[in-house]
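Following: one structure in structure tokens, then a few remarks.
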Amino acid sequence: MFYQMYEFNHAVMAPWRAAAEAMRVAYRNPFNPLSLTAYGRTMAAGFEVFERATRRYGKPGFGLHHTVIGDEEVSVHEKIVWKKPFCNLLHFERVLPQGAERGPKLLMVAPMSGHYATLLRGTVETMLPHADVYITDWVDARMVPVQDGTFDLDDYIDYVIDMIRFLGPDTHLMAVCQPSVPVLAAAAVMAMDDDPNVPASMTLMGGPIDTRSNPTAVNRLAENKPIEWFAENVIMQVPWPQPGAMRLVYPGFLQLTGFMSMNLDRHMTAQKDFFFHLVKNDGEPAEKHREFYDEYLAVMDLTAEFYLQTVDTVFIRHALPKGEMTHRGRPIDLKAITKTALMTVEGENDDISGVGQTAAAQTLCSSIPDGMRMHYLQPDVGHYGVFNGSRFRREIAPRILNFMKANALENRASTAEAPRVVKGRFTRKT
């Protein structure tokens, strides 16, 4: 009933939102003399804050239509090249200048943890000048009819394997946060099957490989509650008239509540500052606020089976680092990975995936030659800074690109001869 009440409340507020938007436009109209006064700007600001606070934020677009390769600006076309009910594979196809190299074939596996794949817009934008980029565009579970079946962690791994096979040999993987576990599992399953399409490299960024290492508040919450608690308290049924009506999900609005409660004072301050920027007619910071929260407040539902299986496998039982994780009933052997290079990236101030949780993959994947592995700890960044922002663009992305190029199949022989990291030891590079 809680999800139904949420939908009912959203419907009830619709006319109030429409009225608030109309009043905002009226008070901002340059033909209205009040728009030039502090009173008019205050009223317009109040109406905008109200409308934004009660709005449902839809899926944002990537909006990446151009990139610069060398000194030349080229167009970018976003295309769906592979699709299944719960995911579309997007290709950012660039019109390359004559003689330009295509760069590494990069599959970005976006988090399926509440936000849309557009959370990695900055990551894609940074990589586009240097790589042939594909990204997993996960579908909001409430938009998938129940007749299209279920989607759990095993299905997630299958989807990743299918996409790697679709892209073919010499594909490089990048997993940001949550998908680090299924991506590592997918690479292991392909290695166990001696699949000719095993990825050339995988870069795991801020992922919960072993949450026993330096546990965060998120990890402790999962450990302190039995899986039954999550099933009883956060799993709900999608209401009519959504396409996925009757499907059991972990609703996006509940996830958003959890995200915001972790830093509630910061979000409250941001709303207050936004209001005063509008009153002062200070356009640039107000627009930055809109851009950030248009993305941050856009959330999607997760299927109940995927969410519960992930919580149980990754955060409660720690099945992967213990060697107890299975795929379709078959034990996953990380030691089978020998041909896929491994890079792990962490942020020094990450409060979601603590330092050491992602680096644990280096020890678990013990059969990868030392020359095909690298760990990088980025100073002075939190979780978001691991994959976005100025430090990512300046310090992390170049290292990832160099690692992928060094571990392309044609360069593999020389790479294996030159170890660049001592296994099991953290390295900080500046």
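The values are calculated or read from the model by the stated rules, or taken from the named source; none is laboratory data. Keep in mind that this is a model prediction, so the values were computed, not measured. All Cβ positions, even for glycine, are placed from backbone atoms using ideal geometry, and neighbour counts span all protein chains on display. Only protein heavy atoms, including side chains, enter the accessible area calculation; ligands, DNA and RNA are left aside. Shrake-Rupley method; radii C 1.70, N 1.55, O 1.52, S 1.80 Å.
Quick look at the values:
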| read-out | value |
| --- | --- |
| Alpha carbon centroid spacing (whole Å) that separates the range 247-308 from the range 128-195 | 27 Å |
| Sequence of 240, 138 from largest to smallest accessible area, 1.4 Å probe | 240, 138 |
| Under 25 Å from the Cα of residue 83 - lysines, other chains or at least 8 residues apart | 59, 105 |
| For the chain, radius of gyration divided by Kirkwood radius, i.e. Rg to Rh on alpha-carbons | 0.99 |
| Helical mean residue ellipticity (222 nm; -39500 (n - 2.57) per DSSP H run of 4+; nearest 500) of the chain | -11500 deg cm²/dmol |
| Eligible lysines near residue 322 by straight Cα distance, threshold 16 Å, same-chain separation 8 or greater | 335 |
| Pair residue 269, residue 72: separation of 7 Å Cα→Cβ label points (nm) | 4.8 nm |
| Debye log10 I(q)/I(0) for the range 5-48, one point scatterer per Cα, at q = 0.18, 0.32 Å⁻¹ | -0.53, -1.00 |
| Residue-span extension gain [residue 284 to residue 225] - 0.36 nm each, minus C-alpha spacing | 16.9 nm |
| Area of residue 193 that stays accessible when all protein chains are in place (1.4 Å probe, Å², to 10) | 80 Å² |
| Reduced Cα scattering model of the range 41-114, Debye log10 I(q)/I(0), q = 0.14 Å⁻¹ | -0.71 |
| Electrostatic dipole magnitude of the chain [Cβ: Lys, Arg +1; Asp, Glu -1; Cα centre; debye, to 20] | 580 debye |
| Within the chain, percent of DSSP bridges classed antiparallel, to nearest 5 | 50 percent |
| Relative contact order (percent, whole number), the range 159-239, Cα cutoff 8 Å, 6+ residue spacing | 32 percent |
| C-alpha center-to-center spacing [the range 347-363, the range 213-239] in angstrom | 20 Å |
| Spread of Cα-to-Cα distances over 10 Å intervals beginning at zero, given as percent, for the range 255-401 | 9, 25, 33, 21, 9, 3, 0 |
| Heavy atoms of residue 177 accessible to a 1.4 Å probe, total area in Å² rounded to 10 | 20 Å² |
| Axial C-alpha extent at least 30 Å, average Kyte-Doolittle at least 1.6 - helices from the chain (DSSP) | none |
| Normalised contact order of the range 85-180, rounded percent, pairs of Cα under 8 Å and 6 or more residues apart | 46 percent |
| Relative contact order (percent, whole number), the chain, Cα cutoff 8 Å, 6+ residue spacing | 17 percent |
| Accessible surface of the chain [probe 1.4 Å, protein heavy atoms]: carbon and sulfur percent | 56 percent |
| Area accessible to solvent at residue 80, 1.4 Å probe radius, in Å² | 90 Å² |
| Heavy-atom SASA rank of 229, 82 (probe 1.4 Å, accessible area, largest first) | 229, 82 |
| Heavy-atom accessible area per residue - the range 68-167, 1.4 Å, Å² | 39 Å² |
| Sequence of 28, 142, 373 when ordered by accessible area, the most exposed leading, probe 1.4 angstrom | 28, 142, 373 |
| Volume of the Cα convex hull of the range 1-136, divided per residue and given in Å³ | 174 Å³ |
| Net dipole in debye of the range 153-268 [+1 Lys, Arg Cβ; -1 Asp, Glu Cβ; about Cα centre; nearest 20] | 560 debye |
